[in-house]
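Shown next, in structure tokens, is the structure this report addresses.
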Amino acid sequence: MSIRIEHTEHCTLYLGDCLDVLPTLGKVDCVLTDPPYGIGASEMTLGTGAKRFFRGEWDRTKPSLRLFLWMAKKLCFWGGNYFTDDLPPSTDWLVWHKMNDGLSFSECELAWCNFGKRVRHISHHWGGEEKQHPTQKPLDVMIWNVGFTDATDLILDPFMGSGTTGVACIRTGRRFIGIEKEPAYFEIALKRIKDAERLAKCDLFKEREPAKKQGVLV
């Protein structure tokens, strides 16, 4: 499969299999990703809205996370509880409490980390945010997640999906590398990231506007 590369102002995005892209990359500051768990997700496990998503093979494969352990000092893997054979024991977990009914779906999702923290959690219910990938995380959850890294970090997501990690990086001033092998989701991620960068520029302009009106050189 050929690799397509798109550069935005703060991000580099690869359309291709991460196994093909990784050898072309050097080390990064942080690998932060939500890999497929190999659970064979279906309409039953994802809900009736799953019909509108293009699932491809993402839910039938389970990569070895050992491939990524050498790439960065900081690591964060959502669904790390599904990869206990690949990851060392850790007391450093992130917990997303979904605030759902606890009957239809799991109440929480877990991320294995080595950030040097203890267990931390966020309570956040999906509400009003459009979901463009079956396992997409809410943007607020990923902004919180990215906040455990340093502002100067270069963050890699080898299973980018719809690009929420990249949008969170833009919103928090981090640099980002994303890899996605499904063309449909790559295009969604590219658009979301470009839109986020345009919005960030508008926000910066709005912040500076009062100073300009007062005749202050900025």
Point-to-point label distance, Lys201-Val119, nm (Cα→Cβ direction, 7 Å offset): 4.5 nm
At 1.306 mPa s and 10 °C, Stokes D of the stretch 127-189 from Kirkwood alpha-carbon radius, µm² per second: 134 µm²/s
Where a label projected 7 Å from the Cα of Asn81 along Cα→Cβ would reach, residues of the stretch 109-132 with amide N under 13 Å: 109-112
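None of the figures in this text is laboratory data; all of them are computed from the coordinates on show. Predicted model, so just to flag it, every value in this text is computed and none were measured. Quick reminder, even Gly has a Cβ in these numbers, built from the backbone with ideal geometry, and neighbours come from all protein chains shown.
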